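Everything on this sheet refers to the single structure shown next.
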Amino acid sequence: MVLKIEPLNVRKHIRSDFSCGKDSLDNYIRKQASQYLKRRVATVFVLIDEPELNILAYYTLSSYTIDITVLDESFAKHLPRYPRLPATLLGRLAVDHRQKGKRFGELMLVDALKKSLDVSTQVASLAVIAEALDEEALSFYIKYGFRQFKQDSMKLYLPLKSIEELY
């Protein structure tokens, strides 16, 4: 068996068995992801263990704009003074509860960050944005260098410059 991250194929991948324990994340992959793909609202990437087609983990990416005033001054002072700037939204990241402890969350995050960095040469983005659903998710993102927004501590960002230095 081989772990593989690939774009969600709603006709191929098995979504119905996915369960991470968070209703909003479970319902998204089971019921909403196909519509979001069809409408080009988000791209969805899934982790499978080939040749099995059950989804072990997933994340979504989409374009986003960020208000410069919510960034900390040390980062914002080097940016153009436009009211809104381009970013990439890591909208959802979830690991099936049966896969906990295997570091699949980290694997998916690293893949999302690399994809965001690669695409930024074609579609500008200054940071990856994430929204933590709870304190556990917040700790996860902070552990990987994400910074909290000034006005909303559950919303975080990681400058692409920081990602670039890692990869």
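Here are a few things to note about the model shown:
- Pairs where the first residue, in region 60-74, is farther than 11 Å from Ile129 by Cβ and the second is among the hydrophobic types (A, V, I, L, M, F, W, C), C-beta under 7 Å, 6+ apart: Thr60/Ala42; Thr60/Val44; Ile68/Ala76; Ile68/Leu79; Ile68/Leu85
- For the criterion of being closer than 18 Å to Leu107 by Cα, more than 15 Å from the chain's Cα centre (by Cα) and among the acidic types (Asp, Glu), Asp49 passes.
- Annotation: Arg103 fulfils all but one of (1) open to solvent by 50 Å² or more (accessible area, probe 1.4 Å); (2) in contact (Cβ under 8 Å) with a residue 12 or more places away in the chain; (3) at positive phi; the unmet one is (2).
- Any hit, region 27-40, residues being within 18 Å of Ala132 (Cα to Cα), open to solvent by 70 Å² or more (accessible area, probe 1.4 Å) and either among the charged types (D, E, K, R) or touching a Leu at 6+ places or on another chain (Cβ under 7 Å) (or both): no
- Region 124-159: number of residues that are modelled with pLDDT of 90 or more, closer than 23 Å to Thr69 by Cβ and not acidic (Asp, Glu): 21
- When each of Asp111, Asp118 is tested for being outside any strand (DSSP E or B), open to solvent by 60 Å² or more (accessible area, probe 1.4 Å) and acidic (Asp, Glu), the lone residue that passes is Asp118.
- Matching residues in region 144-158 - criterion: being open to solvent by 30 Å² or more (accessible area, probe 1.4 Å) and under 15 Å from the mean Cα position of the chain (by Cα): Tyr144, Gly145, Arg147, Met154, Lys155
- Some residue of region 160-167 being under 20 Å from Ala42 (Cα atoms), at pLDDT below 95 and either over 11 Å from the mean Cα position of the chain (by Cα) or surrounded by 15 or more Cβ atoms within 10 Å (Cβ to Cβ) (or both): yes
The values are calculated or read from the model by the stated rules, or taken from the named source; none is laboratory data. Computed from a predicted model, the values in this text were never measured in an experiment. Methodologically, a virtual Cβ is constructed for each residue, glycine included, from the backbone with ideal geometry; neighbour enumeration extends over all protein chains shown. Calculation scope for accessible area: heavy atoms of the full protein, side chains included, ligands and nucleic acids excluded. Shrake-Rupley method; radii C 1.70, N 1.55, O 1.52, S 1.80 Å.
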